[in-house]
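Visitor: Submitted below is the structure of interest, expressed as structure tokens.
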């Protein structure tokens, strides 16, 4: 018996194929690049769900997370990482990717052709709603078609009627800028200038000068917390061009406050999330297990991994096609509502032939294309941190 197990282990090591009692789930996020300060917490949250269910899935299967770096911005590198996960590592499904451009590239070039389910916790481009995904792509963060509307409402309620907009020059930035501009016009606001910026530059003074010349007093920054968006804000402060900033989800992170300091006080923004029972239970559950659950896209990452695991149990298989067939069933009613920390209970219910309705940390409810409507936090920087002002 020992020789058989040893032989199976050696075969797995040589071929990258999982042994019978092990299932691998890919975790592909930008561990380097413009949101690298956000992804460790996202990965830890997803892997918390895997740890919670490991040994309980399909009676006794061990769940092993396998990481790959999406870089967030380099589609070729992201695609190569995903190919490695699917071919060499033999993952059953993928939690990720994160940024919209690399997520689109992975979905179209790797995951969909290979029949692999992807659940992104943070790719928000409206364009992802229309990819031909054969039911394989899902996301636990809402589309920026919704975020643009929420942000426009936040500004309207605060009496802000004229803004300059800068956005990172990719699918995420363009999609959000378009969504916001349309929604802002619908509530009587005007965009004085909307201009793209490139990530990775050392000097953003020219971009800031053009934005300032528009005459707007408020600057909306739709970029990345560790790259161009941060550079735009710093250049604005250094030149006294702007002191009032409006941020979207890609700019929300403690690293921004650490970099900019008190000059961010009064900055407002939006971030997917809520104040539900599930959100509170996730933070409690995460903290009890050594994971800081209070951060951008961490609840969404836990939920993405949990949905994959429950789909496997519902299907009675880790086969990729079987996982896809069960994703919608475990995410939506009917069934017993499942919150963070309750995956063992959910697995038991499914094993007994029952139904579950995974609510999770973020109130998951998929529409017919596997996307969530979601809620948003209205944030404001006060006392050196992002505080939640309201839920929208």
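The values are calculated or read from the model by the stated rules, or taken from the named source; none is laboratory data. Everything numeric here is computed off the predicted structure, so don't read it as measured data. Here Cβ is always computed from backbone atoms with ideal geometry, including for glycine, and neighbour counts include all displayed protein chains.
Visitor: Just need a number here: residues in region 315-339 that are touching a strand residue (DSSP E or B) at 6+ places or on another chain (Cβ under 9 Å), more than 25 Å from residue 286 (Cβ to Cβ) and part of a loop (DSSP other than H, G, I, E, B).
Guide: Residues in region 315-339 being touching a strand residue (DSSP E or B) at 6+ places or on another chain (Cβ under 9 Å), more than 25 Å from residue 286 (Cβ to Cβ) and part of a loop (DSSP other than H, G, I, E, B): 3 in total.
Visitor: Also, I was wondering about something else. Collect the residues in region 164-176 that are out of contact with any helix residue (DSSP H, G or I) (no Cβ under 7 Å at 6 or more places or on another chain), surrounded by fewer than 24 Cβ atoms within 10 Å (Cβ to Cβ) and not in a loop (DSSP other than H, G, I, E, B), keeping them in residue-number order.
Guide: Keep residues of region 164-176 that are out of contact with any helix residue (DSSP H, G or I) (no Cβ under 7 Å at 6 or more places or on another chain), which gives 169, 173-174.
Within this subset, residues satisfying the condition of being surrounded by fewer than 24 Cβ atoms within 10 Å (Cβ to Cβ) are 169, 174.
Listed by number, the list holds a single entry, 174.
Visitor: Would you be able to tell me the number of residues in region 210-234 that are assigned to a strand (DSSP E or B), under 19 Å from the mean Cα position of the chain (by Cα) and either surrounded by fewer than 24 Cβ atoms within 10 Å (Cβ to Cβ) or not assigned by TED's automatic domain parsing to the domain that holds residue 198 (or both)? Quick ask: steps written out before the conclusion?
Guide: So in region 210-234, the residues assigned to a strand (DSSP E or B) come out as 218-222.
From what's left, under 19 Å from the mean Cα position of the chain (by Cα): 221-222.
Going one step further and asking which of them are either surrounded by fewer than 24 Cβ atoms within 10 Å (Cβ to Cβ) or not assigned by TED's automatic domain parsing to the domain that holds residue 198 (or both), we end up with none.
Going through region 210-234 one residue at a time, the tally reaches 0.
Visitor: Right, another one. Going by the structure shown, is residue 57 at pLDDT below 95 and either more than 30 Å from residue 173 (Cα to Cα) or not assigned by TED's automatic domain parsing to the domain that holds residue 291 (or both)?
Guide: Details: at pLDDT below 95: no; either more than 30 Å from residue 173 (Cα to Cα) or not assigned by TED's automatic domain parsing to the domain that holds residue 291 (or both): yes.
When the stated conditions are applied, residue 57 does not pass them.
Visitor: Does any residue of region 304-315 turn out to be under 26 Å from residue 390 (Cα atoms) and assigned by TED's automatic domain parsing to the domain that holds residue 41?
Guide: Step one: filter region 304-315 for residues under 26 Å from residue 390 (Cα atoms), giving 304.
Now restrict to residues that are assigned by TED's automatic domain parsing to the domain that holds residue 41: 304.
For region 304-315, residues under 26 Å from residue 390 (Cα atoms) and assigned by TED's automatic domain parsing to the domain that holds residue 41: present.
Visitor: With the requirement that a residue be within 16 Å of the chain's Cα centre (by Cα), crowded, with 21+ Cβ neighbours inside 10 Å and not in a helix (DSSP H, G or I), what does region 264-291 give you?
Guide: 270, 271, 272, 273
Visitor: Considering only residues of region 235-263 that are assigned to a strand (DSSP E or B) and over 18 Å from residue 99 (Cβ atoms), which is farthest from the chain's Cα centre (by Cα)?
Guide: Going through region 235-263, the residues assigned to a strand (DSSP E or B) turn out to be 244-247.
Then drop every residue that is not over 18 Å from residue 99 (Cβ atoms), which leaves 244-246.
Numbers: 244: 26, 245: 23, 246: 20 Å.
Residue satisfying both the conditions and the ranking: 244.
Visitor: So residue 185 fits all but one of (1) exposed (fewer than 15 other Cβ atoms within 10 Å of the Cβ); (2) part of a strand (DSSP E or B); what number is the exception?
Guide: Condition (2) is where residue 185 drops out.
Visitor: Could you check, for region 340-363, whether at least one of its residues is within 25 Å of residue 268 (Cβ to Cβ), without any contact (Cβ under 8 Å) to a residue 12 or more places away in the chain, in contact with a helix residue (DSSP H, G or I) (Cβ under 9 Å, 6 or more places away or on another chain) and in a loop (DSSP other than H, G, I, E, B)?
Guide: First, pick out the residues of region 340-363 that are within 25 Å of residue 268 (Cβ to Cβ): 361-363.
Right, trim to without any contact (Cβ under 8 Å) to a residue 12 or more places away in the chain and you get none.
No, every residue in region 340-363 fails to be within 25 Å of residue 268 (Cβ to Cβ), without any contact (Cβ under 8 Å) to a residue 12 or more places away in the chain, in contact with a helix residue (DSSP H, G or I) (Cβ under 9 Å, 6 or more places away or on another chain) and in a loop (DSSP other than H, G, I, E, B).
Visitor: Output the residue which, of all residues in region 292-314 that are crowded, with 21+ Cβ neighbours inside 10 Å and out of contact with any strand residue (DSSP E or B) (no Cβ under 9 Å at 6 or more places or on another chain), is farthest from residue 348 (Cα to Cα).
Guide: Looking only at region 292-314, we keep the residues that are crowded, with 21+ Cβ neighbours inside 10 Å, and these are 293, 295-314.
From the residues that got through so far, the ones that are out of contact with any strand residue (DSSP E or B) (no Cβ under 9 Å at 6 or more places or on another chain) too are 293, 295, 298, 302.
On the way: 293: 25, 295: 30, 298: 25, 302: 19 Å.
Per the stated criteria, the residue is 295.
Visitor: If you go through region 20-36 one residue at a time, do you hit one that is surrounded by fewer than 13 Cβ atoms within 10 Å (Cβ to Cβ) and modelled with pLDDT under 95? Talk me through it step by step, then tell me what you get.
Guide: So the first thing to find is which residues in region 20-36 are surrounded by fewer than 13 Cβ atoms within 10 Å (Cβ to Cβ), and the list is 20.
Next, from what is left, pick out any that are modelled with pLDDT under 95: 20.
Within region 20-36, one or more residues are surrounded by fewer than 13 Cβ atoms within 10 Å (Cβ to Cβ) and modelled with pLDDT under 95.
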